[in-house]
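The values are calculated or read from the model by the stated rules, or taken from the named source; none is laboratory data. All values reported here derive from a predicted model rather than from experimental measurement. Note that we place each Cβ from the backbone using ideal geometry, even for glycine, and neighbour counts take in every protein chain shown. Calculation scope for accessible area: heavy atoms of the full protein, side chains included, ligands and nucleic acids excluded. Shrake-Rupley method; radii C 1.70, N 1.55, O 1.52, S 1.80 Å.
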Amino acid sequence: MTSKSNLSYRQRAADHPNPLVRKLFAIAEKKRTNVVLSADLTTTKELLAIADSLGPYIAVLKTHIDILSDFGSHTVEGLVDLARRHNFLLFEDRKFIDIGNTVQKQYKGGALRIHEWADIVNASILAGEGIIQALDQTIRDGGSAERGILILAEMTSKGSLAVGEYTRASVEIARKYPQSVMGFVSTRELSSHSPGAAPNEDFVVFTTGVNLSSKGDALGQQYQTPTTAMEGGSDFLIAGRGIYASEDSVAAVKQYQKAGWEAYERRISQNRG
Ligand code: 5BU
């Protein structure tokens, strides 16, 4: 068993070579939360309002910046300011998927200037290793900014083809880019099921499709609960509609925070005990 997921965030931070991962674990410990809010709102005003009201309870804010109808520099300034004020990271769920050369342009430039403000981005390896090589290069050339990549090793939608060999290849590629690949978006912990792990390997697992009251939606989304996700080795729980579409989103985020944190504490206490 090479997975570090039974250790506390604090213990994992102490040993982790990647500064962004250390920062993420420190935020989780300090705020006692492993919730990532998927803030899929479509105007800057709504996005910033929810980031401000729920910011104290989350470790990371995940965006789909291209769904905003009014994206502009005020969006970026607002997000960066709230991230600093409430101490959370910004994760742009861009799902890069193209040849390396194109992806570098999409990451660094364009209208969205994602590299400038997003601490974390994700990418699919469908196009092969070049995409990760390209993002890694941009990150390493990018100066002092700490930036990280999550590889999309699995997806939660019904009939997803990101399984089996694809998932295994995601882990293999991740192992080659330790400076920039922080971990995976996946439904469960993957390292310990993938032969060839270095003894100190410690990828961070972000899990989407988390909902306390629903099993799925009409368009193929499939949910698990915070508890089952944490039991499967997830480290950070990504929840969207379960929180922001709730009548009282502050009460909802607190519920997810509590469920996620208690499941995390149960997991690490097994290790002690
Ligand atoms: P929901 O409202 O909690 O269903 O939102 C889930 C979010 O996570 C949404 O932004 C999706 O784009 C994102 N997502 C997902 O649901 N499943 C996946 O496998 C991946 C991302 Br990768």
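Within segment 245-264, can one find any residue that is within 12 Å of the ligand (Cβ to nearest atom) and outside any helix (DSSP H, G or I)? Can you show your working first?
Initially, segment 245-264 is screened for residues within 12 Å of the ligand (Cβ to nearest atom), giving 245-246, 252, 256.
Subset that is outside any helix (DSSP H, G or I): 245-246.
Checked against the condition, which is being within 12 Å of the ligand (Cβ to nearest atom) and outside any helix (DSSP H, G or I), segment 245-264 yields at least one hit.
Hey, can you tell me all the residues within segment 32-54 that are within 17 Å of the chain's Cα centre (by Cα) and open to solvent by 20 Å² or more (accessible area, probe 1.4 Å)?
Those that are within 17 Å of the chain's Cα centre (by Cα) and open to solvent by 20 Å² or more (accessible area, probe 1.4 Å): ARG32, ASP40.
Would you call ALA229 within 16 Å of the ligand (Cβ to nearest atom), assigned to a helix (DSSP H, G or I) and not hydroxyl-bearing (Ser, Thr, Tyr)?
Working: within 16 Å of the ligand (Cβ to nearest atom): yes; assigned to a helix (DSSP H, G or I): yes; not hydroxyl-bearing (Ser, Thr, Tyr): yes.
Yes.
Read through the list (1) out of contact with any Asp or Glu (no Cβ under 9 Å at 6 or more places or on another chain); (2) open to solvent by 50 Å² or more (accessible area, probe 1.4 Å), then give the number of the only condition that GLY216 fails.
Here GLY216 meets the rest and fails (2).
Looking at ILE132, ILE125, which one is modelled with pLDDT of 95 or more and either touching a Pro at 6+ places or on another chain (Cβ under 9 Å) or part of a loop (DSSP other than H, G, I, E, B) (or both)? Spell out how you get there, then give the answer.
Details: ILE132 fails: either touching a Pro at 6+ places or on another chain (Cβ under 9 Å) or part of a loop (DSSP other than H, G, I, E, B) (or both).
That would be ILE125, the only listed residue that is modelled with pLDDT of 95 or more and either touching a Pro at 6+ places or on another chain (Cβ under 9 Å) or part of a loop (DSSP other than H, G, I, E, B) (or both).
Looking at LEU150, LEU61, LEU126, which is the one that is within 13 Å of the ligand (Cβ to nearest atom), over 17 Å from the mean Cα position of the chain (by Cα) and either among the aliphatic types (A, V, I, L, M) or under 25 Å from TYR256 (Cβ atoms) (or both)?
Details: LEU150 fails: over 17 Å from the mean Cα position of the chain (by Cα); LEU61 fails: over 17 Å from the mean Cα position of the chain (by Cα).
Of the residues listed, the single one that is within 13 Å of the ligand (Cβ to nearest atom), over 17 Å from the mean Cα position of the chain (by Cα) and either among the aliphatic types (A, V, I, L, M) or under 25 Å from TYR256 (Cβ atoms) (or both) is LEU126.
Could you say whether any residue in segment 175-192 is modelled with pLDDT of 95 or more and part of a helix (DSSP H, G or I)?
The answer is yes; a qualifying residue exists.
If I ask for residues that are in a loop (DSSP other than H, G, I, E, B) and either within 9 Å of the ligand (Cβ to nearest atom) or in contact with a Phe, Trp or Tyr (Cβ under 9 Å, 6 or more places away or on another chain) (or both), which ones from segment 214-226 would you list?
Pass one, segment 214-226, residues in a loop (DSSP other than H, G, I, E, B): 214-215, 217-221, 223, 225.
Matches in segment 214-226: SER214, LYS215, ASP217, GLN221, TYR223.
Could you count how many residues in segment 238-262 are touching a residue at least 60 places away in the same chain (Cβ under 8 Å) and of a type in the set (A, V, I, L, M)? Before the answer, list the steps.
Applying the first criterion (touching a residue at least 60 places away in the same chain (Cβ under 8 Å)) to segment 238-262 yields 238-241, 243-244, 249-250, 253-254, 256-257, 260-261.
Cutting the leftovers down to of a type in the set (A, V, I, L, M) gives us 238-239, 243, 250, 253.
Within segment 238-262, residues that are touching a residue at least 60 places away in the same chain (Cβ under 8 Å) and of a type in the set (A, V, I, L, M) number 5.
In segment 7-47, what count of residues is obtained for those that are under 20 Å from ILE268 (Cα atoms), in a loop (DSSP other than H, G, I, E, B) and within 16 Å of the ligand (Cβ to nearest atom)?
Result for segment 7-47: 1.
Take ASN122 and tell me if it is at positive phi and surrounded by 15 or more Cβ atoms within 10 Å (Cβ to Cβ).
Numbers: at positive phi: no; surrounded by 15 or more Cβ atoms within 10 Å (Cβ to Cβ): yes.
Considered against the rule, which asks whether it is at positive phi and surrounded by 15 or more Cβ atoms within 10 Å (Cβ to Cβ), ASN122 comes out as no.
How many of the residues in segment 193-213 are open to solvent by 40 Å² or more (accessible area, probe 1.4 Å) and either farther than 17 Å from SER170 by Cβ or modelled with pLDDT of 95 or more (or both)?
Going through segment 193-213 one residue at a time, the tally reaches 4.
Exactly one of these conditions fails for VAL103: (1) more than 22 Å from ASP81 (Cα to Cα); (2) open to solvent by 10 Å² or more (accessible area, probe 1.4 Å); (3) assigned to a helix (DSSP H, G or I). Give me its number.
Exception for VAL103: condition (2).
Report whether or not ALA197 is of a type in the set (A, V, I, L, M), away from the ligand (no atom under 16 Å from the Cβ) and assigned to a loop (DSSP other than H, G, I, E, B).
Working: of a type in the set (A, V, I, L, M): yes; away from the ligand (no atom under 16 Å from the Cβ): yes; assigned to a loop (DSSP other than H, G, I, E, B): yes.
For ALA197, the condition - of a type in the set (A, V, I, L, M), away from the ligand (no atom under 16 Å from the Cβ) and assigned to a loop (DSSP other than H, G, I, E, B) - is met.
For segment 55-66, which positions are open to solvent by less than 20 Å² (accessible area, probe 1.4 Å) and part of a helix (DSSP H, G or I)? Break it down into steps so the answer makes sense when it comes.
Residues of segment 55-66 open to solvent by less than 20 Å² (accessible area, probe 1.4 Å): 55, 58-63, 65.
Residues satisfying the conditions are GLY55, ILE65.
Looking only at segment 258-270, decide whether some residue is over 15 Å from ALA59 (Cα atoms), polar (S, T, N, Q) and at pLDDT below 95. If you could, list the steps in order and put the result at the bottom.
First pass over segment 258-270, keeping only residues over 15 Å from ALA59 (Cα atoms): 262-263, 265-270.
Narrowing the set further to residues that are polar (S, T, N, Q) leaves 269-270.
Narrowing further to those that are at pLDDT below 95: 269-270.
Taking every residue of segment 258-270 in turn, at least one turns out to be over 15 Å from ALA59 (Cα atoms), polar (S, T, N, Q) and at pLDDT below 95.
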